[in-house]
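Here is the structure we will look at, set down as structure tokens.
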């Protein structure tokens with residue numbers, strides 16, 4: 001194996017690999033920064049280019065787009081409170097507050113360093129532990145996934161704000177919104193009022209932009225003296241080593257959380273980011289600062305959502321099963337190169353595959369440099385004066401809402417969720433549980449239905465004897481949530 | 001102020017939940033039986049969730065009404081809420097809705113151009129030239145990047161699409 | 001007043017540029033949009049990326065992929081049905097979306113009246129699979145056990161009325177078998193559930209299960225079609241299942257009103273594509289076949305599919 005790794009290392013040490021990776025990272029970052037244009041879209045578009053490149057050039061190129069894109073997504077989340085994916089929602093919480101305080105560069109730097117740290121650590125861990133992870137992934141069936149999802153949403157709802165009832169209400173409301181459309185098991189219409197337009201459900205992106213960005217934009221729009229002012233006049237200092245060191249504990253904790261969540265199929269980056277954030281808030285001595293511009297909050301969310309990436313590659317590499325859409329595209333890239341992911345991949349194509357994995361680690365390091373150099377340029381955006389920035393941001397918001405499904409009605413959905421966001425903030429309801437409920441509603445219900453089907457009518461017997469882990473997690477949930485809550489809101 | 005808003009929101013949700021539960025059968029299509037095997041009904045999970053929601057909302061309402069003061073909030077946000085111009089906020093949303101309605105008919109570039117110019121003037125932009133330049137350049141740039149670079153579809157009038165195509169051909173980029 | 005002025009200005013400038021460029025009037029003179037009624041990363045997406053990356057050489061214009069997922073594929077289909085029939089909007093569909101979904105629920109379009117086939121790109125035959133350590137070693141083993149314990153043997157599929165569900169339902173119906181069908185979101189998770197021992201049986205396309213067969217993680221019990229695909233594994237025809245069972249066709253369709261000359265241009269381009277070495281090589285590497293079928297020929301299959309799926313849905317949901 002060591003020989004193969006060394007051979008792989010030499011395969012990647014070529015100029016074009018690094019050149020294409022750099023292009024991919026930078027391009028991915030730019031696309032990720034445009035709301036509505038997801039990394040996934042960018043990868044699908046660039047996939048054909050990788051067909052015509054050498055495997056150790058083409059696949060690292062796509063991976064570069066992916067990694068760049070994830071970080072790119074946190075740029076608008078921090079600067080204009082506009083998360084492009086569920087994964088960036090937790091970053092928005094503190095990132096935008098930092099921007100308003102004139103610390104946007106620090107926030108972006110922190111996002112970059114913690115992303116790269118989380119990603120690299122989980123990549124290396126995955127590389128070393130690929131066999132046990134591959135075994136573990138298969139142990140999670142729908143009942144366990146249902147239990148873990150329930151635990152995550154309940155914990156987040158109960159700990160999100162001062163009033164746990166409000167968090168749970170928003171969670172249930174989010175679940176309700178996720179019901180609109182076709183049900184995930186039978187495909188039957190629900191809450192569509194007979195409108196075909198609603199059959200596909202409520203789109204995620206207009207919901208996110210509406211809930212997070214519009215209330216902030218409207219605050220600026222409504223201000224009587226907006227005129228020539230801008231969101232923040234100063235970009236602030238860059239991140240200092242001392243600040244990074246202060247957050248290192250948080251970053252490590254989030255990396256572990258993210259990696260574990262990455263192993264469980266079907267949870268994904270959003271759960272990781274939110275759980276990492278909650279854990280950091282729980283451990284922090286200055287809990288009340290979270291949500292008001294705490295650097296640790298950005299670090300916790302970003303390290304966690306990037307740490308998911310390593311383990312999600314495992315089912316792809318060892319079984320040839322793509323766990324999500326991103327890995328499905330990577331699968332396409334692999335097979336078009338004549339590399340068939342699966343149990344035989346390492347024995348047949350060892351050096352090339354190790355080469356690709358090593359290139360992944362190099363990509364992370366290279367991205368530190370590229371990101372660090374680009375941040376000042378991005379940060380400058382917020383110094384544009386409001387009567388030019390707001391129209392621009394609005395244009396990106398509506399175009400992003402449209403592009404997601406090519407449906408002009410989604411712009412109306414955007415406006416509706418903008419209003420919901422404003423009402424929620426006026427009545428002091430946290431929107432995070434709503435987003436969690438909305439995003440996880442479909443997988444939660446699917447796992448619920450699958451578990452019921454698997455039980456085949458004998459629910460209690462099935463749960464207790466065949467799936468004791470599910471029962472244990474579900475029973476522990478209320479106690480765990482209550483404990484965390486007590487610790488967080490002790491006063 | 002906050003308490004009033006809280007009450008409005010909770011009663012709104014409560015009314016919606018009750019209505020949804022009453023009319024659940026009309027709002028959710030019946031599952032088609034497959035092999036006569038009743039797999040999970042599409043209304044099971046929603047019925048559970050909405051019932052929970054109703055209980056929670058009821059609990060919160062009791063708390064708000066009978067246990068007087070809700071939480072004390074720090075005043076950070078309240079400062080920002082000083083005199084907001086509802087006229088401008090209303091116009092902003094109206095512009096967005098109009099954009100959604102006319103996007104397919106006017107095409108991306110023209111609608112975005114109008115939207116950008118409108119919001120910019122709404123926010124008190126005084127420089128006509130600068131605003132106009134932004135309103136033309138930004139949509140065209142985004143359109144070109146989206147459709148050419150990112151290969152995604154945006155609605156556009158044939159005239160403008162052809163014009164852009166022509167420019168590309170003249171520049172030898174197509 | 002101001003807005004009107006600006007509209008005039010923009011349109012004026014555009015027309016000026018147009019007349020300056022003096023484009024030739026031949027079709028196609030602008031990029032062609034291909035609507036995929038699925039999300040990114042699925043097999044339709046990957047296949048589309050392959051042909052759209054090679055197509056410009058044959059039609060002289062870029063082909064732009066537009067993903068419009070939702071409502072089991074009906075959303076994308078509805079968008080194309082509504083689009084102008086000028087040959088600039090095409091649909092990359094499957095036989096299930098084309099002919100089956102309309103029997104499940106009301107569709108906002110009529111497949112037979114709204115779409116015409118440009119070309120079938122390829123098809124994917126389904127395979128019945130079990131884990132490597134499964135007690136079932138042949139289709140007969142499975143059938144015997146299912147008949148002995150109706151409703152107890154579980155099978156994972158890709159979601160109701162999806163590409164794995166329909167063949168599973170057809171197999172069960174034709175053989176009078178009853179299994180516990182567990183829906184997953186797509187073929188990947190369905191396969192993972194099989195490997196994790198959560199279900200007993202599953203289905204898969206050869207392009208996704210190839211390496212797992214070689215390593216012995218899974219066994220194939222039967223494959224769709226007339227001829228066997230794997231050595232010593234019977235085809236559906238060998239088992240007495242005739243007809244279009246378990247085949248997913250991937251085809252490019254156009255709105256029905258498309259001018260005849262444009263349809264001819266497109267059909268010729270897709271035909272020419274078959275001689276393109278890059279295209280066939282890429283498809284082969286993806287594990288897909290390049291079993292091209294031209295539009296008129298595929299058109300002949302559609303009425304039969306329509307009738308067949310109509311009966312299938314009726315007998316399944318009674």
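The values are calculated or read from the model by the stated rules, or taken from the named source; none is laboratory data. Since the model is a prediction, treat every value here as computed from it, not as a measurement. FYI the Cβ positions are ideal-geometry reconstructions off the backbone, even for glycines, and counts take in every protein chain you see.
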| remark: Just one listed residue, out of A:383, A:394, is in contact (Cβ under 8 Å) with a residue 60 or more places away in the chain and surrounded by fewer than 19 Cβ atoms within 10 Å (Cβ to Cβ), and it is A:383
| request: Output the residue which, of all residues in the range A:18-30 that are closer than 16 Å to residue A:74 by Cβ and surrounded by fewer than 24 Cβ atoms within 10 Å (Cβ to Cβ), is nearest to the other protein chains (Cβ to nearest Cβ). | output: A:30
| query | Has the range C:131-142 got any residue that is under 21 Å from the mean Cα position of the chain (by Cα), touching a residue at least 12 places away in the same chain (Cβ under 8 Å), more than 7 Å from every other protein chain (Cβ to nearest Cβ) and surrounded by 17 or more Cβ atoms within 10 Å (Cβ to Cβ)? | reply | no
| query | Here are A:53, A:63, A:98: which of them is surrounded by 24 or more Cβ atoms within 10 Å (Cβ to Cβ), touching a residue at least 24 places away in the same chain (Cβ under 8 Å) and under 29 Å from residue A:337 (Cβ atoms)? | reply | A:63
| task | Might you check whether a residue that is part of a helix (DSSP H, G or I) and within 14 Å of chain C (Cβ to nearest Cβ) occurs anywhere in the range A:265-281? | result | yes
| query | Can we say residue A:343 is modelled with pLDDT of 85 or more and either at the interface with another protein chain (Cβ under 7 Å from one of its Cβ atoms) or touching a strand residue (DSSP E or B) at 6+ places or on another chain (Cβ under 9 Å) (or both)? | reply | no
| query | Restricting the search to the range C:153-178, which residues are within 11 Å of chain A (Cβ to nearest Cβ) and either in a loop (DSSP other than H, G, I, E, B) or at pLDDT below 85 (or both)? | reply | C:153, C:159, C:160, C:161, C:162
| query | Just checking, which of B:90, B:36, B:59 is surrounded by fewer than 17 Cβ atoms within 10 Å (Cβ to Cβ), within 26 Å of residue A:154 (Cα to Cα) and either out of contact with any strand residue (DSSP E or B) (no Cβ under 7 Å at 6 or more places or on another chain) or modelled with pLDDT of 85 or more (or both)? | reply | B:59
| note | Checked the range B:133-146 for anything more than 26 Å from the chain's Cα centre (by Cα) and either touching a residue at least 40 places away in the same chain (Cβ under 8 Å) or within 11 Å of chain C (Cβ to nearest Cβ) (or both); matches are none
| field | Enumeration of residues in the range A:78-95 that are outside any helix (DSSP H, G or I) and more than 10 Å from the chain's Cα centre (by Cα) | value | A:81, A:82
| request: Looking only at the range C:59-78, count how many residues are at the interface with chain A (Cβ under 7 Å from one of its Cβ atoms) and more than 17 Å from the chain's Cα centre (by Cα). | output: 0
| note | Of A:302, A:288, the only residue that is free of Cβ contacts under 8 Å to residues at least 40 places away in the same chain, under 22 Å from residue A:103 (Cα atoms) and outside any loop (DSSP other than H, G, I, E, B) is A:288
| query | Is there a residue in the range C:257-271 that is outside any helix (DSSP H, G or I) and surrounded by 18 or more Cβ atoms within 10 Å (Cβ to Cβ)? | reply | yes
| said: Residue pairs, Cβ under 8 Å, 6 or more apart or interchain, first in the range C:25-37 and facing another protein chain (nearest Cβ under 7 Å), second modelled with pLDDT under 85 and in a loop (DSSP other than H, G, I, E, B). List them. | reply: C:30/C:61; C:33/B:153
| task | Among the residues of the range B:147-167, write down those that are in contact with a helix residue (DSSP H, G or I) (Cβ under 7 Å, 6 or more places away or on another chain), at the interface with another protein chain (Cβ under 7 Å from one of its Cβ atoms) and either at pLDDT 90 or above or not in a loop (DSSP other than H, G, I, E, B) (or both). | result | B:159, B:160, B:162, B:163, B:166, B:167
| note | Filter the range A:313-330 for residues that are within 8 Å of another protein chain (Cβ to nearest Cβ), part of a helix (DSSP H, G or I) and more than 18 Å from the chain's Cα centre (by Cα); the one that is farthest from residue C:215 (Cα to Cα) is A:315
| request: Could you please let me know if residue A:454 is more than 30 Å from residue A:398 (Cα to Cα), touching a strand residue (DSSP E or B) at 6+ places or on another chain (Cβ under 8 Å) and more than 10 Å from chain B (Cβ to nearest Cβ)? | output: yes
| remark: Of the residues in the range B:106-132 that are closer than 20 Å to residue A:388 by Cα and not in a helix (DSSP H, G or I), the one that is nearest to the chain's Cα centre (by Cα) is B:123
| said: For a quick check of your reading of the model, give me the residue pairs whose first member lies in the range B:101-124 and is more than 7 Å from every other protein chain (Cβ to nearest Cβ) and without any contact (Cβ under 8 Å) to a residue 12 or more places away in the chain, whose second is surrounded by 22 or more Cβ atoms within 10 Å (Cβ to Cβ) and part of a helix (DSSP H, G or I), with beta-carbon atoms closer than 8 Å and at least 6 apart or on different chains. | reply: B:102/B:111
| said: Quick test of your reading of the structure: residue C:200 fulfils all but one of (1) surrounded by fewer than 21 Cβ atoms within 10 Å (Cβ to Cβ); (2) closer than 26 Å to residue C:177 by Cα. Name the failing condition by number. | reply: (1)
| request: Would you check which residues across the range B:9-32 are at the interface with another protein chain (Cβ under 7 Å from one of its Cβ atoms) and either closer than 14 Å to residue B:65 by Cβ or part of a helix (DSSP H, G or I) (or both) and list them? | output: B:9, B:13, B:27
| For residue A:327: the one exception among (1) within 26 Å of residue A:448 (Cα to Cα); (2) buried (at least 24 other Cβ atoms within 10 Å of the Cβ); (3) touching a helix residue (DSSP H, G or I) at 6+ places or on another chain (Cβ under 6 Å) | (2)
